[in-house]
1. Just one of the numbered conditions (1) modelled with pLDDT of 90 or more; (2) touching a helix residue (DSSP H, G or I) at 6+ places or on another chain (Cβ under 7 Å) is not true of R303; which one?
2. Taking the range 502-527, which residues are farther than 24 Å from R487 by Cβ and part of a loop (DSSP other than H, G, I, E, B)?
3. Test A383 against the criterion of being within 25 Å of L247 (Cα to Cα), crowded, with 24+ Cβ neighbours inside 10 Å and touching a helix residue (DSSP H, G or I) at 6+ places or on another chain (Cβ under 9 Å), and give yes or no.
4. Any idea how many residues of the range 235-284 are among the acidic types (D, E), surrounded by 14 or more Cβ atoms within 10 Å (Cβ to Cβ) and not in a loop (DSSP other than H, G, I, E, B)?
5. Can you pull out the residues in the range 64-96 that are of a type in the set (D, E) and either outside any loop (DSSP other than H, G, I, E, B) or surrounded by 13 or more Cβ atoms within 10 Å (Cβ to Cβ) (or both)?
6. For the list (1) touching a residue at least 40 places away in the same chain (Cβ under 8 Å); (2) touching a Leu at 6+ places or on another chain (Cβ under 8 Å); (3) acidic (D, E), I need the number of the one condition that E263 fails.
7. Only one of (1) free of Cβ contacts under 8 Å to residues at least 24 places away in the same chain; (2) out of contact with any helix residue (DSSP H, G or I) (no Cβ under 6 Å at 6 or more places or on another chain); (3) over 22 Å from K114 (Cβ atoms) is not met by N572, so which one is it?
Amino acid sequence: MKLSLSVCVLCLLVLTASQAQVVRRRTATPIKLSPTTSGHLGATTPFSLHLSAFAPSTEVAVVPQAGLLRITCAWDEADVPLEISITGAAGHGLPGRIGLTNQAGQSPVTIETKIEPEQVARGLIYIEIFPQMFPPTGRRTQKGLIHGTVSVAIVDHLPETFDEDEHRFRDIEDGKLLSVTEVASLETRLKSDPNDWSARLTLLSYYYSSADLKMARAHILAARRRHILWAIKNRPSAAQIFDLPELQLSNTGALADPVGANEAQNAWRHEITEHTPDEQALFNAASFCATIDPLFSETIIKREVASAPNSARWLVMLATLYATQVASGQDSTFAALARNALVSSNNPDVIGTAAVVLVEQVLSHAATGTPGRESTKNLINLAEQLAHKTSSLESRDLGPLLIVLAAEVQISGTREERVQAEGKVYRLLQGIDINASRSQNDAALLPIMANLAFDIKDDEAAMKYASKALELVSSQKQPASANGNGRAEIIHDSNDVLGRIALRAGDVQQAKDRLLKAADLPPGESFASNGPDMLLAQALIDQGERGTVAKYLEKLTDSWRRGHFLLQAWINDIRDGKSVRLSARPMLLQAPGGWYPPVSGPAGQK
C-alpha cells in the first residue's frame, strides 16, 4: 500500500519533533557557580551543537544564585547566528518552564537577567542554545558541528541578604498560589520534617487565602487548627509570627473556628503554666488571645507592666488591647472596663497610643463599611479626649492629636463639619514653633504637619514644615536602622509635599524633580513594610508624566524590598500604557518616630 504525500509529510514531522525532543533532554550535569578572581560567582563550560535539518538544541543547566545573571556564549563558527534562551522552572504547580529572556546573534552573545530568590528556590536555570529558525540572508549554510563555551556569572548580587521578615513574606506570597498537588506534597514533607517552618507557613498562607476555592471549609479549618497548634507548642517564643493573620484563630469572621480558638487558648495557658516562658512567649500569648479572651490577655500584660513599668512594648500592647475592644464592642463588659481604664489613665504612652488606634479603627470601619458597636462620633470624641490629655502630659507630643484631628477632617460628612475640623488643625499648627525642633522625632512629625497644612491649602506653612524636616534629617547622619525613626519616610514624604506644592502652582518640572528626590535616599535607608506614600506620583501620573513616575518607581526598588513585585507590576503597566492607580499608605496615621504599631482587624477576618 502506498502512503499519500500528506501522510508522509506528517510522519516526517512527527519523527523530526521526536528526535528534537530527544536531543533537548540530554542535559549535562548542572554546573555550580564558584568564586572567581574578579570577585564574582561564575563558571565556564563547553558545548557542542550539531546543525542538521532537525534543528536540535543543546542545553546547559546551572545551579542559580540570586542576583544579576550574565551569560556569554562564544563559538567557533562566528558568522553562524545562534539563539540563546534562558528558562527556569515555572513553580506553583504549573508544568514545564517559563522563559526568562532570550537573545540571538553572531558569536559572542551576552545576555543578562535578574534571578530572584523565589526563582532560585524553584530549581535549576537552563541555558538553551539552538540555530535560528530563519537566519539572516547571506549567512553560511547551517551544517556540521559547532563548538563553543558558555560563561555564567553573577555580576551583581541583590542589595542585601534577605532577612527573616523577607523570607516570611515570600513564604506567604508563595502560599497564595499553591496548587492542590503542591499542598499535598508540602503536607507529606512536614510528616518527615515537622520543623520545616517555611513549608508550614506556606501552607498556612494557602489555607488562609486560597483554600476556599478548592477545599471544603471543614478541611480548611482542621488544617489551620493543626498547624497553628503545632506552632504554639513548638515555637511559642518565635518573633513576628503570631501577629500574622495566617496564624490567628477567632470566634468570628470568615474563618471562625470557636473550637480551634478554645484549643489554642488552652495551649497557650499550658505553655505559660507548665513551662517557664520568656518575654516573647508571653507577648505572643497575650497578642494571640486578645480577641478570644481579652481578660486573659490583660492579665498577662498587666503583670509584665508591673514588673517593668517603663516598658513601651507592653504599654503599647495594653493600649492597643483596650482601644480595639472599645471599638469592636465584641465583649461589652470588657469594653466598658477598657474605656474606664483609658479615661482614668495618666500614662501618655498608653493613652496616646490608644487615641491613634481608635482613629485607625474608625477609618477601617469607614473604608470597609462595617461599623463597630460604638458610633464613629463617640470613638472620635474619645480619641480626641485622650490625645489632648497626652499633649498636656507630654507637652511636646502633639503627634496623637494631629492624627486624630486629621481623621476628623477625613471622615467629616458635611462641609460645615469639615470646615470645623480643618479649623482645629490650623489652630494647632499655628501654635507649633518649628524653630524649636531639634530631634529626629521632631523631624518625623514635621511631614505630617506639612501634609495637614497642604490639605487646608496653607502652602506657605506646608513648605516651611517640609523644608525644616529635610534640614533636620540631613544634619543627622545615623541611618534609620540604628534608631528606628524612619529617615526614609521623612525624606520621601517631605519631598512629596514640596512636589505637590509645586504642582499646584503649575511648576510641573519642579514637581518631577521633587518626585525623583523623594526616592533618592542615602545608602542603607529603607522603608517600612507598607512602603512610601505616593500622592505626588499619582498626581503626576494623572497629568501624563508616566516616564518620570516609572523612573521614580525603579529608584524605590532598593529601598522598598518588600514592595518589589508591586513596583515591577506598576512599572510594567506604565510602560504598556495601562491605567495605573498607585496605592498610598495613610500617611497621617504614621506617627512620629514610627512609635505606634499597625493594628490588624479581628483575628480570622479576611
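The values are calculated or read from the model by the stated rules, or taken from the named source; none is laboratory data. Worth saying up front: this structure is predicted, and the values here are computed from it rather than measured. A quick note on method: Cβ atoms are made from the backbone with ideal geometry, for glycine too, and the neighbour counts reach across all protein chains shown.
1. Going through the list (1) modelled with pLDDT of 90 or more; (2) touching a helix residue (DSSP H, G or I) at 6+ places or on another chain (Cβ under 7 Å), R303 breaks only (2).
2. Correct list: A505, G506, D507.
3. Spelling it out, it is not the case that A383 is within 25 Å of L247 (Cα to Cα), crowded, with 24+ Cβ neighbours inside 10 Å and touching a helix residue (DSSP H, G or I) at 6+ places or on another chain (Cβ under 9 Å).
4. Adding up the residues that qualify gives 4.
5. Within the range 64-96, E77, E83 qualify.
6. Every listed condition holds for E263 apart from (1).
7. Of the numbered conditions (1) free of Cβ contacts under 8 Å to residues at least 24 places away in the same chain; (2) out of contact with any helix residue (DSSP H, G or I) (no Cβ under 6 Å at 6 or more places or on another chain); (3) over 22 Å from K114 (Cβ atoms), the odd one out for N572 is (3).
Results for (1) of a type in the set (K, R); (2) at pLDDT 80 or above; (3) in a helix (DSSP H, G or I), shown as yes or no for each residue.
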{"site": "I432", "(1), (2), (3)": "no, no, no"}
{"site": "P447", "(1), (2), (3)": "no, yes, yes"}
{"site": "A453", "(1), (2), (3)": "no, yes, yes"}
{"site": "K468", "(1), (2), (3)": "yes, yes, yes"}
{"site": "L472", "(1), (2), (3)": "no, yes, yes"}
{"site": "Q478", "(1), (2), (3)": "no, no, no"}
{"site": "D496", "(1), (2), (3)": "no, yes, yes"}
